[in-house]
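Student: Dropping the structure in here first, questions after.
The values are calculated or read from the model by the stated rules, or taken from the named source; none is laboratory data. Everything quoted here is computed from the prediction, not taken from an experiment. Here Cβ is always computed from backbone atoms with ideal geometry, including for glycine, and neighbour counts include all displayed protein chains.
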Amino acid sequence: MNASGPTGGDLVLRDGRHPKTVGIIHCVGSRDRNTNRWCSRTCCMYSLKLAHLLKEHSDAEVYNFYIDIRAAGKAYEEFYDKLLEENIHFVRGRVAEVTDWAARPEEEGKLVIRVEDTLIGVVRRVPVDMVVLAVGMEPQADSQDVRRMFNISCSTEGFFLERHPKLAPVDTFTDGIYIAGACQGPKDIPDSVAQAGAAAAQALSLIDAGEIELEPNTAYVVEKDCSGCKSCLAICPYTAITRDEVKQKAFINEALCKGCGTCVATCPSGAIRQNLFEDEQIFSEIDGLLQDRESVSTGG
């Protein structure tokens, strides 16, 4: 359909014939427990756009096989209504198979789409010349390598995870790393552009501030107690701990430390401590709780 493509925008089959019937199958690889459970969000609209172009540039009869039409967006529902007026066929139901086995003479030499039409409650066999698969979105194959490189999180589906879905939709759990577009989840072009602008604004505000505000509950090393055993180096999820080879002691970069406390619990010699969570503070809190309990038991 691309005017600058190999066929010059002409719709042809491999043998050079022009198809008389075209079937577009939605949700291929999406909304399916056996493949991907999520909705790929963009498939409905690009399938509708393709159906419109097919009708505009050829005399082919077009079928859309869909589960649900999800046309959420500015003027999207109106575009769907326009296609209904163009006499494009919409069949609601999940396609069971595409086969070249002919059950009737009119199916000879055709691809037969077998589908249950849930609106009329019958199983239909629709012969077509060409089948188009609306393939869903999946995370990039190397997303896990990128995640480890930038120390960010992924959702169970494999897309990059934001800090908060509503309050921080472009931030990650690593300061200074922002996400935009389909790496976070299936998105169309307008949403990707809007999110990219938000990510750029976040990065610019960080640069413009000239300084970074850190949380106070960072960890630090008591050098006289540190044995240099290296136990803390591999355990830190933020790679904030290094080893001073001259002093043979661990060193914590406070700019990278997020105060998770993992290294504090791991250190066998107790040389790593955490601001706001000192032993003396914890013991004082426990003493206060015990005193409150004793006063209640004695009726004080």
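Student: When the stretch 46-79 is examined, which residues are found to be crowded, with 17+ Cβ neighbours inside 10 Å, outside any loop (DSSP other than H, G, I, E, B) and out of contact with any Asp or Glu (no Cβ under 7 Å at 6 or more places or on another chain)?
Tutor: SER47, LEU48, LEU50, ALA51, LEU54, GLU61, VAL62, TYR63, ASN64, PHE65, TYR66
Student: I want to confirm something. Restricting to the stretch 83-97 and keeping residues that are more than 31 Å from the chain's Cα centre (by Cα) and in a helix (DSSP H, G or I), which single residue is surrounded by the most Cβ atoms within 10 Å (Cβ to Cβ)?
Tutor: The selected residue is LEU84.
Student: Quick one: count up the residues across the stretch 200-220 that are in a loop (DSSP other than H, G, I, E, B) and either surrounded by 13 or more Cβ atoms within 10 Å (Cβ to Cβ) or modelled with pLDDT of 90 or more (or both).
Tutor: Within the stretch 200-220, residues that are in a loop (DSSP other than H, G, I, E, B) and either surrounded by 13 or more Cβ atoms within 10 Å (Cβ to Cβ) or modelled with pLDDT of 90 or more (or both) number 3.
Residue by residue, here is whether (1) within 19 Å of PHE173 (Cβ to Cβ); (2) assigned to a helix (DSSP H, G or I); (3) assigned by TED's automatic domain parsing to the domain that holds GLY176 holds:
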| position | (1), (2), (3) |
| --- | --- |
| SER227 | no, no, no |
| LEU233 | no, yes, no |
| LYS247 | no, no, no |
| LEU256 | yes, no, no |
| GLY259 | yes, no, no |
| ARG273 | no, no, no |
| GLU285 | no, yes, no |
| LEU289 | no, yes, no |
| ASP292 | no, yes, no |
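Student: Which numbered condition trips up PRO127, out of (1) closer than 23 Å to PRO190 by Cα; (2) outside any helix (DSSP H, G or I)?
Tutor: (1) is the only condition that PRO127 fails.
Student: Out of the residues in the stretch 111-124 that are surrounded by 14 or more Cβ atoms within 10 Å (Cβ to Cβ) and either free of Cβ contacts under 8 Å to residues at least 40 places away in the same chain or acidic (Asp, Glu) (or both), state the one that is nearest to LEU54 (Cα to Cα).
Tutor: Ranking the qualifying residues of the stretch 111-124, first place goes to VAL112.
Student: In this structure, is ILE25 closer than 23 Å to ARG124 by Cβ, in a loop (DSSP other than H, G, I, E, B) and either touching a Phe, Trp or Tyr at 6+ places or on another chain (Cβ under 9 Å) or touching a residue at least 24 places away in the same chain (Cβ under 8 Å) (or both)?
Tutor: Answer is no for this residue.
Student: Picking from THR262, THR242, which residue would you name as being touching a residue at least 24 places away in the same chain (Cβ under 8 Å) and either of a type in the set (Val, Ile, Thr) or in contact with a Cys (Cβ under 8 Å, 6 or more places away or on another chain) (or both)?
Tutor: THR262
Student: Among the residues of the stretch 180-199, which ones are free of Cβ contacts under 8 Å to residues at least 40 places away in the same chain and either in contact with a helix residue (DSSP H, G or I) (Cβ under 7 Å, 6 or more places away or on another chain) or not in a loop (DSSP other than H, G, I, E, B) (or both)?
Tutor: Hits for the stretch 180-199 are ALA180, GLY181, ILE189, ASP191, SER192, VAL193, ALA194, GLN195, ALA196, GLY197, ALA198, ALA199.
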